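Q: Submitted below is the structure of interest, expressed as structure tokens.
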Amino acid sequence: MPQLTDVPLSEFHPRSRLTTRVTEVTAPRFPVIDAHNHLKEPFGGGWDKRPLNELIDILDAAQVQTYIDLDGGWGEDILNAHLDYFKAPAPERFMIFGGVDWPQWAVQGDHFGEWAAQRLRLQAARGAQGLKIWKPFGLHVTDQHGQLVAVDDRRLDPLWQTAGELGLPVMIHVADPVAFFDPLDPTNERWEELHAHPDWHFPSPPFPSFMTILNGFANLVSQHPATTFIGAHVACYSENLAWVGELLDRCPNLYVDPSARISELGRQPYAARRFFLKYADRILFGTDAGADLDYYRLCYRFYETDDEYFNYGLGDIPGQGRWQIYGLYLPDEVLQKFYHHNAARVLLKQS
């Protein structure tokens, strides 16, 4: 009998001995609008410094008709650069979202909400077609007193109201996976990922608890029914689809995207498939992986096939946790809404 010896986790590379179907999906069943992606470094591949025709070729191969760039930023220099480089030469291919200059809160004080709303009007006039709220909101953003700003802080009401008045959707990311808020001990399923990226760990204290942030997000969406919110990464709670579903039921102004979360959805395929069928009109396709043809094809395989137990990443070892995923095998009527129609209605204002 061989002697049992401990193997370092970094050296544990098990090979599955299952014999399962591998479906090659090179193109989606329907044209795609990618509602959550980037074009700058570190997330978008640095396309603001690369030839635009090469980017277009990748999108053509992936059959991505419209690509939502969330990197427009708040500063007019960044926004203008993206509008000029991407939007101007290919106006139907790209939508550029703006952002919020949070450090200005220290300067504007309690009038920051009004100031931010005015800046949003200027961005919209220049050509921004949405507002992106990044995850420092809820984790790091402070007011003029150095106090952490809650996600549902009423001083920001003018900003959300203005987005609604202008018809600008708000793509909002307020929290990371639940495990990022758990103690970093051997029970944490993201142990490897968090050791590789220790700045992604948000223990409470000093950070707010995960549910404090999520409950604030739910309050925010319900307080502004005239504003369209898109909850990034399945409303930042892909581990609990029942919670997300209840919020969708309460708030018809909320939509979600599953970007960067096929890892979570694919290990709960029955629940995830039921979620997509029930909320087929409320989910927008997105990847959050840049213009990566191989990753697009992996996502198409996940949503379209019933393949079993496959890697949700492109490397040998899954990057977020040591599990595999199962395809959702979504029906055509759901795929068509998810890939294209929902985003066309919500983002492009097409009926």
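Q: Could you say which residue among Asp307, Asp292, Asp316 is touching a residue at least 24 places away in the same chain (Cβ under 8 Å) and either under 19 Å from the mean Cα position of the chain (by Cα) or closer than 26 Å to Met95 by Cβ (or both)?
A: Asp292
Q: Can you tell me which residue among Ile56, Ile33 is in contact (Cβ under 8 Å) with a residue 12 or more places away in the chain, buried (at least 20 other Cβ atoms within 10 Å of the Cβ), β-branched (Val, Ile, Thr) and not in a loop (DSSP other than H, G, I, E, B)?
A: Going through Ile56, Ile33 in turn, just one is in contact (Cβ under 8 Å) with a residue 12 or more places away in the chain, buried (at least 20 other Cβ atoms within 10 Å of the Cβ), β-branched (Val, Ile, Thr) and not in a loop (DSSP other than H, G, I, E, B): Ile33.
Q: Right, another one. Can you tell me how many residues within the stretch 255-272 are in contact with a Ser or Thr (Cβ under 8 Å, 6 or more places away or on another chain) and outside any helix (DSSP H, G or I)?
A: Adding up the residues that qualify gives 5.
Q: Is it the case, given these coordinates, that Asp48 is over 24 Å from Gly315 (Cβ atoms) and out of contact with any Pro (no Cβ under 9 Å at 6 or more places or on another chain)?
A: Answer is yes for this residue.
Q: Shifting gears a bit: Of the numbered conditions (1) modelled with pLDDT of 95 or more; (2) closer than 28 Å to Asp48 by Cβ; (3) surrounded by 14 or more Cβ atoms within 10 Å (Cβ to Cβ), Lys337 satisfies every one except a single condition; which is it?
A: (2)
Q: Does Phe275 satisfy being hydrophobic (A, V, I, L, M, F, W, C), in contact (Cβ under 8 Å) with a residue 24 or more places away in the chain and either in contact with a Ser or Thr (Cβ under 7 Å, 6 or more places away or on another chain) or part of a helix (DSSP H, G or I) (or both)?
A: Here the answer is yes, as Phe275 does meet what is asked.
Q: Go through (1) over 19 Å from the mean Cα position of the chain (by Cα); (2) of a type in the set (A, V, I, L, M); (3) buried (at least 18 other Cβ atoms within 10 Å of the Cβ) and name the single condition Val64 misses.
A: (1)
Q: Any idea which of (1) in contact with an Asp or Glu (Cβ under 8 Å, 6 or more places away or on another chain); (2) crowded, with 18+ Cβ neighbours inside 10 Å; (3) among the aliphatic types (A, V, I, L, M) is the one Ala150 doesn't satisfy?
A: Result: Ala150 fails condition (1) only.
Q: While we're looking at this one, here's another question. Just to be sure, is Val234 in a helix (DSSP H, G or I) and either crowded, with 21+ Cβ neighbours inside 10 Å or under 14 Å from the mean Cα position of the chain (by Cα) (or both)?
A: Criteria met by Val234.
Q: Report, by residue number, each residue of the stretch 143-168 that is within 22 Å of the chain's Cα centre (by Cα) and among the acidic types (Asp, Glu).
A: Once the filter is applied, which keeps residues that are within 22 Å of the chain's Cα centre (by Cα) and among the acidic types (Asp, Glu), the stretch 143-168 yields only Asp152.
Q: Which residue is surrounded by the most Cβ atoms within 10 Å (Cβ to Cβ), if the candidates are limited to the stretch 241-268 and must be without any contact (Cβ under 8 Å) to a residue 40 or more places away in the chain and of a type in the set (S, T, N, Q)?
A: Applying the filter and picking the extreme gives Gln268.
Q: Among the residues of the stretch 194-215, which ones are within 18 Å of the chain's Cα centre (by Cα) and touching a residue at least 40 places away in the same chain (Cβ under 8 Å)?
A: Within the stretch 194-215, Ile213, Leu214 meet the criteria.
Q: Restricting the search to the stretch 182-200, which residues are surrounded by 11 or more Cβ atoms within 10 Å (Cβ to Cβ) and either under 13 Å from Gln320 (Cα atoms) or among the charged types (D, E, K, R) (or both)?
A: If the condition is that a residue be surrounded by 11 or more Cβ atoms within 10 Å (Cβ to Cβ) and either under 13 Å from Gln320 (Cα atoms) or among the charged types (D, E, K, R) (or both), then Asp182, Asn188, Glu189, Arg190, Trp191, Glu192, Glu193, Leu194, His195, His197, Trp200 are the ones that fit.
Q: Is it the case that the stretch 65-85 has a residue that's touching a Ser or Thr at 6+ places or on another chain (Cβ under 9 Å) and within 26 Å of Leu293 (Cβ to Cβ)?
A: no
Q: Okay, next question. For Gly286, indicate whether it is touching a residue at least 24 places away in the same chain (Cβ under 8 Å), under 21 Å from Lys135 (Cβ atoms) and surrounded by fewer than 17 Cβ atoms within 10 Å (Cβ to Cβ).
A: no
Q: Another question about this same structure. In the stretch 118-142, what residues are under 20 Å from Leu83 (Cα atoms) and over 19 Å from the mean Cα position of the chain (by Cα)?
A: Of everything in the stretch 118-142, those that are under 20 Å from Leu83 (Cα atoms) and over 19 Å from the mean Cα position of the chain (by Cα) turn out to be Gln118, Arg119, Leu120, Arg121, Leu122, Gln123, Ala124, Ala125, Arg126, Gly127.
Q: If I ask for residues that are buried (at least 16 other Cβ atoms within 10 Å of the Cβ) and outside any helix (DSSP H, G or I), which ones from the stretch 294-312 would you list?
A: Thr305, Asp307, Phe310, Asn311, Tyr312 - these are the residues of the stretch 294-312 that are buried (at least 16 other Cβ atoms within 10 Å of the Cβ) and outside any helix (DSSP H, G or I).
Q: I'd like to check which helices (runs of 4 or more DSSP H) are fully inside the stretch 99-214 and have at least 2 residues that are polar (S, T, N, Q).
A: The helices (runs of 4 or more DSSP H) meeting that bar are 112-126, 157-166.
The values are calculated or read from the model by the stated rules, or taken from the named source; none is laboratory data. Treat the numbers as computed from the prediction; the structure is a model and nothing was measured. FYI the Cβ positions are ideal-geometry reconstructions off the backbone, even for glycines, and counts take in every protein chain you see.
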